[in-house]
1. How much solvent-accessible surface does HIS159 expose, in Å² to the nearest 10, with a 1.4 Å probe and all protein chains in place?
2. Give me, ordered by chain and number, the residues 5 or more places off LYS60 or on other chains with an amide H under 5 Å from its own placed amide H.
3. Are there GluC sites (Glu not before Pro) in region 85-129 that DSSP puts in a loop and that have at most 10 other Cβ atoms within 10 Å, and which ones?
4. Which order do CYS158, CYS39 take when ranked by solvent-accessible area (1.4 Å probe, heavy atoms of all protein chains), largest first?
5. Within the accessible area of region 19-170, what % is carbon and sulfur when the probe is 1.4 Å and the other protein chains stay in place?
6. Going by the alpha-carbon gyration tensor, a ≥ b ≥ c the square roots of its eigenvalues, is region 39-165 rounded (a/c under 1.5) or, if a/c is not under 1.5, prolate (a/b greater than b/c) versus oblate?
Amino acid sequence: MKKLVTVFVSILFVMALFVATNANAADAQYKGAKKCKACHIKQYKAWAKTRMATSFENLKAGVKVAKKKAAGLEDKDYTHDKDCLPCHTTGYGKPGGFVSIEKTPKLANVQCEECHGPGSIYKKTMKKIKKTKAFFVKDLKAVGLIVPSEDEAVCMKCHGGDSPFTEKVDAKYKFDFKDRLEKTHKHYPLKYKKD
């Protein structure tokens, strides 16, 4: 009887954990890069130097006109174009993500959460890390953190075949996943990382 109770309690615990994790995902909210900056200043500064940090600007009329024409695009305002916004904003088309420059200006450009997932779903865990100064990456992944360097698909959703800016237009648009990680998004060791 004691074994049966233990098994039952274990099953209830796993179910509760599953429900809590899914509830967090359903309630996900994007916070914006400035919220990430508070704890990840070196990463923020490195990101701020990339083209991702200013990608929304490229959608405006009069910006990078020659590149747009070379890719077969008109020089017009694309800041409300549903085909462009997924790759020039953070969380477009997702709950809590970019809606429009008027409604969610803090989510313009490709920010941390576009690649790492909405901050609200792992923010509580990050707060615990600050207190304990120890964590396991797997624990953060369990609550929604995405590690792009582990999956090329995270980058390829924008740098893949649907983009008008591919190596077919110009060889400089060729996307090499490993090279790009090293050159434009170099990571710094996490202060409290524990394996």
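The values are calculated or read from the model by the stated rules, or taken from the named source; none is laboratory data. Fair warning: this is a prediction, and the values are worked out from it, not measured in the lab. A quick note on method: Cβ atoms are made from the backbone with ideal geometry, for glycine too, and the neighbour counts reach across all protein chains shown. Only protein heavy atoms, including side chains, enter the accessible area calculation; ligands, DNA and RNA are left aside. Shrake-Rupley method; radii C 1.70, N 1.55, O 1.52, S 1.80 Å.
1. So the heavy atoms of HIS159 present about 80 Å² to solvent.
2. Under 5 Å from the amide H of LYS60 lie the amide H atoms of TYR78, each far enough along the sequence or on another chain.
3. GLU102
4. Ranked list, largest accessible area first: CYS39, CYS158.
5. Answer for region 19-170 is 56 percent, counting heavy atoms of protein chains only.
6. Because a/c hits 1.5 or more and a/b exceeds b/c, region 39-165 counts as prolate.
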